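Peer 1: One structure coming up, written as structure tokens, with questions to follow.
The values are calculated or read from the model by the stated rules, or taken from the named source; none is laboratory data. Here the structure is a predicted model, which is why all the values come from computation and not from measurement. Ideal geometry is used to build each Cβ from the backbone, glycine not excepted, and the neighbour counts take in all protein chains shown. The accessibility values were calculated without ligands, DNA or RNA, using every heavy atom of the protein model including side chains. Shrake-Rupley method; radii C 1.70, N 1.55, O 1.52, S 1.80 Å.
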Amino acid sequence: MNKDWQRNKPAQGVPACSDAVCAMLDRVGVPRNSKWRGLILYMRGIKDYDFLDNEQKEQIQALVMEVLKARDFSDEKFCEVIKINERILSAPWNRALTRTLQETASLVQEFQETLFRHKGGVQKLENVTVEAVETGGDVERMLGTIRRGFREMASMIEKDAEKMVAMSLTDALTGIHNRRAFDSHIGKAVDRAVAEGRSLSLFMCDIDFFKRFNDEHGHRIGDQALVVVGSILKGFAEEIKQLEDRDIFPARYGGEEFAVTLADIGKDEAEELAEIIRRKIERYNFVIRDPDGQILVGGIKINVSIGVAELLADCPSPDVDHLVDAADKALYVAKSSGRNQVRAYERPRV
């Protein structure tokens, strides 16, 4: 039996590694045929997992380097690394759950206020009706008074219903469309583009080094940065609508990531528009103010990376999942190539 193969043979359930990788693991002292070797190989290869976002991939790769530098391969350290890895994997879900709970709490509060208003409206309608009946007099006049009361009540309910629908589709922090609105919009946009053979592009926009920004300035200032980006996207969409009557649909996709749908716009033009937005955000003079409005720090810059994709040109199947995946992969290229840039999706060469 070949001795080199026997020496590098993986243990049961441990992923195989190349000679170069095995040699590197040997040099840093990772025990052979151990759970550590399997864990490190798994974490090194996780950059190819499509279900992870860019930040997760970077955090896991950083965790691998930390483990290799520390050279602590004890059982206690193994359990610690497993827990950190699990936190990284579950972070987007936890953020999404927190955001959903916050939106739900806001809607519940608004709904309670709406019910109290309706309760007052019902009481007013009851008083009007009773007064009309007790007053007597002309029947038509009495019925007219009651009808007006019902119409006012119906109008109030209709306005409140419209307001509730709008709230459910708006991101409470940035004031632009939320993920729920994006999912509904892009589903319809894809169906229309496929049925009519029309262009549909999407770009995913992510604030660079947002975690570092939050750590340095605090989450309240981080929220202000999200508001600024959302405002720029919304203003740009409104400007394009007024000047060219074209539909651009910006939404907060989640965390520090935004999605922008561009109907009847091909990838080349979408890339140009994305570059305009990138420059607008880059030029914005972000300032930090105290509670009284006084400027504490000025001249802070916010940069974004943007990935662009087109439905019929870049997707093996013309559906929402493939379009989002293509734009997300282009975003990953933009971030891994230095950030603060726009990259268009390129199909892998066969």
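Peer 1: Check off (1) polar (S, T, N, Q); (2) in contact with a helix residue (DSSP H, G or I) (Cβ under 9 Å, 6 or more places away or on another chain); (3) under 25 Å from residue 180 (Cβ atoms) for residue 317 and give me the number that stays unchecked.
Peer 2: (2)
Peer 1: Next up: Of all the residues that make up segment 147-196, how many are farther than 30 Å from residue 224 by Cβ and either modelled with pLDDT under 80 or open to solvent by 90 Å² or more (accessible area, probe 1.4 Å) (or both)?
Peer 2: Number satisfying all stated conditions: 19.
Peer 1: When you look at residue 312, is it surrounded by fewer than 21 Cβ atoms within 10 Å (Cβ to Cβ) and outside any loop (DSSP other than H, G, I, E, B), yes or no?
Peer 2: Against the criterion (surrounded by fewer than 21 Cβ atoms within 10 Å (Cβ to Cβ) and outside any loop (DSSP other than H, G, I, E, B)), residue 312 qualifies.
Peer 1: Would segment 243-259 turn up any residue that is under 24 Å from residue 181 (Cβ atoms), outside any helix (DSSP H, G or I), open to solvent by less than 20 Å² (accessible area, probe 1.4 Å) and of a type in the set (Ser, Thr, Tyr)?
Peer 2: No; the residues of segment 243-259 include none that is under 24 Å from residue 181 (Cβ atoms), outside any helix (DSSP H, G or I), open to solvent by less than 20 Å² (accessible area, probe 1.4 Å) and of a type in the set (Ser, Thr, Tyr).
Peer 1: Across segment 245-296, what is the total count of residues that are over 29 Å from residue 186 (Cα atoms), free of Cβ contacts under 8 Å to residues at least 40 places away in the same chain and not polar (S, T, N, Q)?
Peer 2: 9
Peer 1: Confirm whether residue 218 is modelled with pLDDT under 95, on the phi > 0 side of the Ramachandran plot and open to solvent by 50 Å² or more (accessible area, probe 1.4 Å).
Peer 2: no
Peer 1: For segment 66-78, which positions are assigned to a helix (DSSP H, G or I) and open to solvent by 70 Å² or more (accessible area, probe 1.4 Å)?
Peer 2: 66, 69, 75, 76
Peer 1: Right, here's the next one. Which one of these is in a helix (DSSP H, G or I) and open to solvent by less than 20 Å² (accessible area, probe 1.4 Å): 276, 288, 240, 306?
Peer 2: Selected residue: 240, the only one of 276, 288, 240, 306 that is in a helix (DSSP H, G or I) and open to solvent by less than 20 Å² (accessible area, probe 1.4 Å).
Peer 1: Considering only segment 197-215, state which residues are in contact (Cβ under 8 Å) with a residue 60 or more places away in the chain and either open to solvent by 50 Å² or more (accessible area, probe 1.4 Å) or basic (Lys, Arg) (or both).
Peer 2: Scanning segment 197-215 gives 197, 198, 209, 211.
Peer 1: Would you mind stating whether residue 228 is farther than 19 Å from residue 93 by Cα, at pLDDT 95 or above, open to solvent by less than 50 Å² (accessible area, probe 1.4 Å) and among the aliphatic types (A, V, I, L, M)?
Peer 2: Taking the combined requirement at face value, the residue does not satisfy it.
Peer 1: Taking segment 260-273 as the search range and keeping residues that are acidic (Asp, Glu) and part of a helix (DSSP H, G or I), which one is surrounded by the most Cβ atoms within 10 Å (Cβ to Cβ)?
Peer 2: So the residue we want is 271.
Peer 1: Considering only residues that are part of a helix (DSSP H, G or I), among the basic types (Lys, Arg), at pLDDT below 70 and farther than 29 Å from residue 211 by Cβ, which ones fall in segment 1-58?
Peer 2: 3, 7
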